[in-house]
Amino acid sequence: MAQLDSKIPSGPLADKWRKHKTEIKLVNPANKRKYEIIVVGAGLAGSSAAATLAELGYRVKNFVFHDSPRRAHSIAAQGGINAAKNYQNDGDSVYRLFYDTIKGGDYRSREANVHRLAEVSVNIIDQCVAQGVPFAREYGGLLANRSFGGAQVSRTFYARGQTGQQLLLGAYSALSRMVGAGAVELHTQSEMLDLVIVGGQAKGIIARDLVTGAITSHAADAVVLATGGYGNVFNLSTYARGSNATAIWRAYKRGACFANPCYTQIHPTCIPVSGDYQSKLTLMSESLRNDGRIWVPKKKEDAKKDPNSIPEADRDYYLERMYPSFGNLAPRDIASRAAKRVCDEGRGAGASGLGVYLDFSDAIKRLGEAAVRERYGNLFDIYHEITAESGYQTPMRIYPAVHYTMGGLWVDYNLMSNVPGLFVLGEANFSDHGANRLGASALMQGLGDGYFVIPYTIGDYLAGQKPGSRPSTDSADFKAAEAGIRGMTNRFLDIKGKQPVSHFHKRLGKVMWDGCGMARTKATLEKALREIPPLREEFWASVLVPGSADTLNQSLEQAGRVADFLELGELLCLDALTREESCGGHFREEHQYPDGECKRDDEKFAHVAAWEFQGKDKAPLRNTEPLNYEFVKMSVRNYK
Amino acid sequence: MVAENTTKNLSITLRVWRQAGPNQPGKFVDYQSKDLNPNMSFLEMLDVVNDELTLKGEEPIAFAHDCREGICGTCSATINGKAHGPGKGVATCQVYMRAFRDGDVITVEPFRAAAFPIIKDLIVDRSAFDKIQQAGGFITARTGSAPDANALPVPKGDADLAMDAAACIGCGACVAACKNASAMLFVAAKVSHFGLLPQGQAERDRRVLAMVSTMDALGFGNCTNQYECSAACPKLITHDFIARLNRDYLGATIRHAFKPEPAGADGGT
Ligand SMILES: Cc1cc2nc3c(=O)[nH]c(=O)nc-3n(C[C@H](O)[C@H](O)[C@H](O)COP(=O)(O)OP(=O)(O)OC[C@H]3O[C@@H](n4cnc5c(N)ncnc54)[C@H](O)[C@@H]3O)c2cc1C
Ligand code: SF4
Ligand code: FES
């Protein structure tokens, strides 16, 4: 049974981080270059960490599966990044950002972590501006802000619709500087396939060079995983196609606990699926719901008709009908579930029946097309580009899609997992968003972890490791792990079955979405849990992976990732089944208030569920870490 | 890609560059693809073709992709002779099958340039771009050393123009489109982004000199002002930035020639 000590410092909430920083152990500057740190991932979390650790004098090796660190999935974030700067003088503060994040997370995150996140948020903006991140500005030359969901202040910084891109390019430039200076050794197109544990501590990784196929061992004094979220377990999502869970999943199988895997976020306004060939769902900003009205036909028979031909009396503006006070601006999760319900009734729009109309005809009548174009023109363009339909002439079709995973590897206040020496940052850890993440907070967390937390907290661990005590890659633990990965690679190629990898990913995605998507019940989860193991067996018996192990082989890469999703999916469903309450993104239909809001059970579930691997074909162990709310009162989330 | 909606499925002949590895001979191979939904993206069409190839026991076509929404810069194919294919201001992943007609023969090749060696099929090695960036594409701002973000106001016009340049996704289409395989648009975008901001002034000369000399050393060609680059650029980065780069470079070269570098000014760590 894993030891889950959160190591939350004692004392008043606002003093914890400052106090902790003065109390944790330091590594003498002259000794830093004697330590080698492996950082896997170069998204916001990984590149900010790698750059900063190298600046401090540590020797850093950075691994990414992409062909350049600049291509990490963080690049795709659009909306913005939160920070408690209070530049708008609208009453924002560190406490308010902390409180909004705790409440947004439906009281399922740690108070101390979230408060620290809010504290460092202000430093992030300073850092990014100093690096040349071209944030939006006002005419006076000062930084501009916009507001985002779940907040009553304007605290979101942005760079057009490309905030993630600009923040990542900032961190990438800092990382590039350290690579150029010889302080970071960069391994692109190198995929971590295993974590190596020596004497109970994380001391290295096994990586495959995706171009040559070479499988190599790398030793270090500590390993940092910043490998992003696992939403592609659903196959279709707003994630980049390459995003995967392999690094964290293999670490889980080496003993790191996986916390709250069932906390997944579904975004209500995405462009719907158009056919089985679909590979990706594109997000459209939620701001569209400010002026667009959402509806489906009242009658099933009308579902396939041209929407403009359906008379007003035959339209069901279901959000306005069911949630009269909030209407089309009902919270993300409620809007998503309502869309699913009307489509399940057979009233969904479009060829697939999985879509609802987002109609701007009233707004155009009220404001004129020019005004609508000015507010939302770029979004209408994206929609047109993908669907070839004009949102000005005919209602757009939208549908919810998987967007973010709040769960991830369990970490303590130092961002260290229960495996000593293994640190986890960014979306890959579970730490700050509880059961639901607020918009513009993932970018903040990734950069907070990388620039301002890990550079301090990793020293506390390294100070206890003798310089130069790093094991050799010739040791038995490395050799065994390497042999295991070679064996797995050959096994994929040897199956020579009947179906391509994509076939299994699609089927898994469907099982996950139907059983453990927007709304979950005991029955749907049990069904998914019955379906996943045979699907996994079928995969291992009949997947067809062409080509060889000694060259670039995308089918082989995909096979490894999907094999992991086929295991992770099961844990996700098991976690969702065990958590018999609704909270944030985890909605169990059995547990809801009459208005459809999540009904938590704080008596039984005010804890983190941290799953521990017990061996192949054995049930994982569910450890818990109680969530003690000392400073905020847990209450029912209410946005009315 | 913007085109009129059509509901009729199409069949095409795909003429694809197949090359098993870096220094191996490559050739065009034809594949038939039938009954394609026009709403499918070009990359989704390749997914379908690849699954069919796999089922036939052949190796699928290797192609680079990730975000599939035009922002990561991973996708890179020359379609019918145009880097990123038909359409303006889009990356390969934003090309939809409705841009083609039933019966079309579609030629697909990797981005070709001496500085971008082919790895396999449609995938090329663009690490030269990273090397240029490592040589000087940054503002030195050690973590934790930054002043308050609003301490230094930046005129909105400058910030907006810097953002126009910073929008580059590092895809390399500019290089592939240029008959000299020049990387000037990419370098100009980065140099202009930093050079337009007050934070970027201290290292301005050093940056442009280092980036340009690294670009030259990596085997990119010279710019002869044909502007095929900006025409192919998925982010419509304007070639005006190239003029800005040339001015910066010239100024820095002159200043550098007359002003000796103080010892130890390596600007590295
Ligand atoms: C469409 C979209 C829009 C979004 N918009 C916003 C927004 O406006 N605001 C906001 O706050 N958040 C937003 N988010 C969420 C946010 O972008 C992500 O949560 C965040 O960027 C994740 O950063 P990361 O550094 O943890 O991981 P990532 O950026 O996903 O990086 C993962 C890195 O790990 C590497 N990697 C992974 N596995 C391996 C392996 N096995 N071996 C080697 N390398 C590996 C990859 O190469 C990559 O470098 C959005 C998300 C999406 C999908
Ligand atoms: S300048 Fe344009 S074409 Fe060149 S790398 Fe940047 S985005 Fe691509
Ligand atoms: S796949 Fe990311 S830009 Fe095309």
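The values are calculated or read from the model by the stated rules, or taken from the named source; none is laboratory data. The structure presented is a predicted model; accordingly, all values stated were derived computationally and were not measured. Reconstructed Cβ throughout: ideal geometry from the backbone, glycine too, with neighbour counts over all protein chains shown. Side chains are part of the model used for accessible areas, which takes the heavy atoms of the whole protein and leaves out ligands, DNA and RNA. Shrake-Rupley method; radii C 1.70, N 1.55, O 1.52, S 1.80 Å.
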Query raised in the report: Does anyone have the angle between helix B:156-166 and the longest principal axis of chain B? Alpha-carbon axes, 0 to 90°, nearest 10?
Result: 50 degrees
Query raised in the report: Under a 1.4 angstrom probe, counting protein chains only, how are A:PHE631, A:PHE423 ranked by accessible area, largest first?
Result: A:PHE631, A:PHE423
Report summary line: antiparallel share of DSSP beta bridges within the range B:2-120, to nearest 5, in %, is 80 percent
Report task. Could you work out, residue by residue across B:72-79, how many beta carbons of other chains sit within 10 Å of that residue's beta carbon, and then give the average as an integer? Result -> 4
**Report entry** Percent carbon-and-sulfur accessible area, the range A:476-607, ignoring ligands, DNA and RNA, probe 1.4 Å
**Finding:** 53 percent
Query raised in the report: Just for the protein assembly as shown, what percent of DSSP beta bridges are antiparallel, to the closest 5?
Result: 70 percent
Report summary line: The correct ranking of B:CYS223, A:CYS128 by accessible area at 1.4 Å, largest first, is B:CYS223, A:CYS128
Requested in this report: Could you size up the charge dipole of chain B around its Cα centre, putting +1 on the beta carbon of Lys and Arg and -1 on that of Asp and Glu, and report it in debye to the nearest 20?
Outcome: 580 debye
Query raised in the report: Just the accessible area for A:VAL133, please: 1.4 Å probe, Å², rounded to the nearest 10?
Result: 10 Å²
Query raised in the report: What nm distance separates the two modelled labels at A:ALA14 and A:LYS299, each placed 7 Å from Cα along Cα→Cβ?
Result: 6.3 nm
Query - Cα-based equivalent ellipsoid of the range B:126-258: semi-axis lengths in Å, sorted from largest, via gyration tensor - result: 24, 17, 14
Report task. Report the far tail of the P(r) of the range A:267-402, meaning the percent of Cα-Cα pairs longer than 27 Å. Result -> 11 percent
**Report entry** For the protein assembly as shown, accessible area per residue (1.4 Å probe, heavy atoms of protein chains only), Å²
**Finding:** 36 Å²
Query - For the range A:196-242 versus the range A:119-185, the gap between their alpha-carbon centres in whole angstrom - result: 27 Å
Query raised in the report: What Rg and what Dmax come out for chain B when only alpha-carbon atoms are used, in angstroms?
Result: 21.2, 69
**Report entry** Gained length - B:SER145 relative to B:ASN246, 0.36 nm times residue gap less alpha-carbon distance
**Finding:** 33.2 nm
**Report entry** Förster radius 30 Å - calculated FRET efficiency between A:ALA480 and A:GLU537, Cβ distance, rounded to 0.05
**Finding:** 0.70
Query raised in the report: Once both labels are modelled 7 Å past Cα along the beta-carbon direction, what's the B:ALA231-B:LEU55 spacing in nm?
Result: 4.1 nm
Report task. Would you tally the net charge around B:VAL187, using a Cβ to Cβ cut-off of less than 12 Å, leaving B:VAL187 out, and scoring K and R as +1, D and E as -1? Result -> +2
Query - Built amide H within the under 5 Å cut-off of A:LEU193, gap 5+ - result: A:ILE206, A:ALA207, A:ARG208
Report summary line: Here the net charge surrounding A:CYS270, from other residues whose Cβ is less than 12 Å away from its Cβ (Lys, Arg +1; Asp, Glu -1), is +1
**Report entry** Relative contact order %, the range A:76-169, counting alpha carbon pairs below 8 Å whose residues are six or more apart
**Finding:** 42 percent
Query - Nearest-0.05 FRET efficiency for A:LYS498 and B:ASN23, computed from C-beta distance (R0 25 Å) - result: 0.15
Query raised in the report: If one puts a single equal scatterer on every Cα of the range A:476-607 and applies the Debye formula without solvent, what log₁₀ I(q)/I(0) results at q = 0.13, 0.18, 0.20 Å⁻¹?
Result: -0.66, -0.93, -1.04
Report summary line: Most packed first (mean Cβ within 10 Å per residue), the peptides B:90-97, A:376-383 order as B:90-97, A:376-383
Report summary line: Length gained if B:LYS156 through B:ASP104 is fully extended, taking 0.36 nm per residue and subtracting the Cα-Cα distance, is 14.0 nm
**Report entry** Rounded to whole Hz, the Karplus (6.51, -1.76, 1.60) HN-Hα couplings of the range B:233-238, x for glycine and proline
**Finding:** 5, x, 9, 6, 5, 7
Requested in this report: Please name whichever of A:LEU621, A:ALA30, A:TYR239 sits farthest to the positive end of the charge dipole of the protein assembly as shown, dipole taken about the Cα centre and charges placed at Cβ: Lys and Arg +1, Asp and Glu -1.
Outcome: A:ALA30
Requested in this report: Please count, across the range A:267-402, the pairs of lysine residues with Cα atoms under 22 Å apart that sit 8 or more places apart or on different chains.
Outcome: 6
Report summary line: If one compares the long axis through the Cα atoms of helix B:127-136 with the longest principal axis of the Cα atoms of chain B, the angle in degrees, nearest 10, works out at 10 degrees
Query raised in the report: So what does A:ARG108 come to for accessible area, using a 1.4 Å probe and Å² rounded to 10?
Result: 0 Å²
Query raised in the report: Which whole-number percent gives the relative contact order of chain A, counting Cα pairs below 8 Å spaced six or more residues apart?
Result: 20 percent
Query raised in the report: How many times 2.2 N^0.38 Å is the alpha carbon radius of gyration of the protein assembly as shown?
Result: 0.90
Query raised in the report: Roughly how many nanometres apart are two label points built 7 Å out from the Cα toward the Cβ at A:GLU185 and A:MET634?
Result: 4.7 nm
Report task. Quickly rank A:466-475, B:201-210 as a protection proxy: mean count of other C-beta atoms within 10 Å, highest first. Result -> B:201-210, A:466-475
Query raised in the report: What is the dipole size for chain A, taken about its Cα centre, with +1 at each Lys and Arg Cβ and -1 at each Asp and Glu Cβ, in debye to the nearest 20?
Result: 380 debye
Query raised in the report: How big is the gap, in Å, between the Cα center of the range A:287-332 and the Cα center of the range A:75-113?
Result: 32 Å
Query - Simple Cβ-charge dipole of the range A:515-640, Lys/Arg +1 and Asp/Glu -1, about Cα centre, in debye nearest 20 - result: 300 debye
Report summary line: From most to least accessible, 1.4 Å probe, no ligand or DNA/RNA atoms counted, B:PHE138, A:PHE613 line up as A:PHE613, B:PHE138
Requested in this report: Just read off the accessible area of A:ILE197 with the full protein assembly in place, 1.4 Å probe, to the nearest 10 Å².
Outcome: 40 Å²
